[in-house]
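Please treat every number below as a calculation from the coordinates, not as lab data. If you're wondering where the values come from, they're calculated on a predicted model, not measured in any experiment. Note that we place each Cβ from the backbone using ideal geometry, even for glycine, and neighbour counts take in every protein chain shown.
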Amino acid sequence: MKERLLHFIWQHKLFNTRELHTVQGEPITMLDFGTYNRHGGPDFLQARIRVGDIVLAGSVELHVLASDWKAHGHQHDKAYNNVILHVVFINDLADSQLPTLELNGRIPPLLLDRYHQMMEDADFMLCKHTLPSLDICTMTNWKERLIIERLERKAAEILAHHQANNGDWEQTCYQLLGKYFGASVNQEAFELLTQRLDYKILLKHADRPEQQEALLFGMAGLLNKDFVDPYPRLLKQEFRFLQQKYSLVPLREQLWQFMRIRPISFPTIRLAWLASLLPQFPLTQQLLSQPDAVGWLENMGVSDYWKSHYLPDKASKFQEKKPGTAFKNILFINVVVPLLYAYGIYTDDIERKQAAIELLYSRPPEENNKVHIFPKEVWQAETALDTQSMLELQQQYCAKKRCLECTVGHHILREPEMINTFCFQEIV
């Protein structure tokens with residue numbers, strides 16, 4: 001038994017509520033189970049009970065063991081002076097002064113078994129196989145709640161960077177782009193690069209694209225070799241001059257991963273794509289004023305040298321090396337949408353926040369292995385909202401075993417056929 005599970009059982013009345021008695025032998029009638037309190041203090045507020053002939057109003061506190069009351073120091077905390085009922089799974093005290101209700105024997109064993117299976121199952125996603133049929137309205141509401149939670153969390157990160165950047169939205173946008181240019185493999189390296197190399201330095205050299213590439217590749221630590229080809233030699237020469245001019249400290253080359261990824265996703269190609277975006281800066285206002293415009297994505301590409309190279313000094317078949325639809329979709333979903341939502345919070349503009357959510361309805365779903373968690377007949381991935389909510393469910397609920405806070409988990413644990421025959425039978 002976990003205390004959070006006990007909260008869930010009490011909140012949803014998933015126990016036999018007939019003929020309740022305190023451990024002291026007095027009959028209890030629950031007039032109001034109280035409101036769940038997610039903050040400090042007692043677990044349920046504004047409850048009302050009748051103990052014998054006396055009606056009490058106040059708070060309810062739950063513990064696995066009755067002795068946890070003293071173990072948690074509640075007897076010395078004035079916040080708990082208004083507790084009228086102590087609900088425990090096992091009563092291990094003989095001298096409790098509070099009216100105490102023991103739930104051991106009143107909870108459906110199948111509910112406890114199902115919860116234990118959820119927590120211990122190696123697949124970590126039991127509901128993938130046992131998901132009951134959810135009506136469309138319930139599923140839609142749950143997806144939108146997941147999306148709001150995901151956008152709120154991402155927006156908080158963006159606003160923290162915005163504050164660290166002294167209110168510079170352009171620097172914040174540039175860093176956000178860098179984060180998703182690296183994908184999962186090189187995300188940390190790209191984040192470090194955009195934090196260490198100020199975008200304003202890059203914009204000072206807008207008339208010299210080779211110098212912008214020199215700054216990006218040089219700061220990435222990828223220009224430390226003795227090159228044969230003229231272009232990488234030029235980049236190295238330009239970077240040496242700019243490094244001294246701006247007192248720049250490059251990253252270590254070892255931070256970048258090239259193994260087990262497709263050549264089109266090599267850091268060298270991603271850096272070339274990022275360089276091709278720089279002429280469109282300042283970009284933030286364009287994204288905020290016309291968030292559904294995708295011209296900035298369509299204009300990405302590589303300079304002439306990288307059309308016939310994936311790595312310096314190693315020629316390859318000539319190819320334009322334009323970003324694919326999937327990559328552009330990732331940037332739109334993870335940069336434009338959260339940026340718009342964060343700006344809506346910053347300006348207290350509800351319409352901007354709603355517009356960010358609507359954009360997810362208009363975008364196609366992402367294409368990666370993580371978005372095929374549930375069977376298609378259970379969770380259809382028709383839009384970016386479907387896949388983003390699915391990712392949030394997997395990362396923030398399933399992976400953390402937050403089944404008790406999940407709508408899907410609720411349906412599994414509250415299946416009528418599982419609890420009705422137990423919860424409302426007479427206790428013998």
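A simple spin-label model places pseudo-atoms 7 Å from Cα toward Cβ; at N368 and Q97 they are separated by 5.7 nm. Return the single residue from A315, A94, A189 with maximal mean-square fluctuation; model: Gaussian network over the chain, springs between Cα atoms under 10 Å. Top of the fluctuation ranking is A94. Cross-link partners of K13 among lysines, defined as those whose alpha carbon lies under 17 angstrom from its own and excluding same-chain residues fewer than eight positions apart: K2.
Taking the Cα atoms of the range 170-323, the ratio Rg/Rh between the radius of gyration and the Kirkwood radius comes to 0.94.
Largest mean-square fluctuation among Q187, Q257, Q75, in a Gaussian network model of the chain whose springs join Cα atoms under 10 Å apart, belongs to Q75.
Dividing the summed helix terms, -39500 (n - 2.57) for each DSSP H run of n ≥ 4, by the number of residues in the chain produces a 222 nm estimate of -13000 deg cm²/dmol to the nearest 500. Of the options (1) 22.4; (2) 25.7; (3) 24.3, only one is Kirkwood radius over Cα pairs in Å as computed from these coordinates, and that is (2). Each of L14, L93, L215 was scored by other Cβ atoms within 10 Å of its Cβ. Arranged with the fewest first, they read L93, L14, L215. Taking amide H positions as modeled 1.01 Å from N, with prolines and chain starts lacking one, the residues under 5 Å from Y310 and 5 or more places away or on another chain are S316.
Here is what passes the span test in the chain: the DSSP H helices with alpha carbon length of 30 Å or more along the helix axis and a Kyte-Doolittle mean of -1.0 or above are 136-164. Backbone geometry of the range 37-46 corresponds, through the Karplus equation with coefficients 6.51, -1.76 and 1.60 at θ = phi - 60°, to 3J(HN,Hα) couplings of 10, 8, 10, x, x, x, 6, 10, 9, 6 Hz, x marking Gly and Pro. In this structure the amide hydrogen of T100, modeled in the peptide plane, comes within under 5 Å of the amide hydrogens of V23, Q24, H86, none closer than 5 places in sequence on its chain. Ordered by the count of other Cβ atoms within 10 Å of each Cβ, fewest first, E61, E3 give E3, E61.
The fewest-to-most ranking of K328, K78 by surrounding Cβ atoms within 10 Å reads K78, K328.
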